[in-house]
Amino acid sequence: MTGNLLTDLPDASRAEITQILAKGRNLRIERIVSKGQASPDAFWYDQSEHEWVALLSGSAQLELQDPDECLTLGPGDHVLIAAHRRHRVAATAAGAETVWLAVFYSAG
């Protein structure tokens, strides 16, 4: 199966849209399309999987804890978020789609 991560984008103007592209026993790959969305106030992700995420288009700000960091991401930027490192999306571009490629995996 082939495809293009930047074409046929779903309309994310009302809500962020996540599509699972592939998954296995300890691995999940998702395309996430945002348009102006952010995590709710005081909400933090705390997941049991590691997450490697790359920004393919648009822009975003991520907040991470332990240690505290605020990252501004543009096309081509990527970050590895260790399992149980609390993080949230502070902002995504309002006027254009922000497309993420996220790879979730567990060790072992």
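In region 94-102, the count of residues that are among the charged types (D, E, K, R), at pLDDT below 95 and on the phi < 0 side of the Ramachandran plot is zero.
Could we say that Leu27 is touching a residue at least 60 places away in the same chain (Cβ under 8 Å) and farther than 20 Å from Asn4 by Cβ here?
Yes: the conditions hold for Leu27.
The values are calculated or read from the model by the stated rules, or taken from the named source; none is laboratory data. Fair warning: this is a prediction, and the values are worked out from it, not measured in the lab. Positions of Cβ are generated from backbone atoms using ideal geometry, with glycine treated the same way; all protein chains shown enter the neighbour counts.
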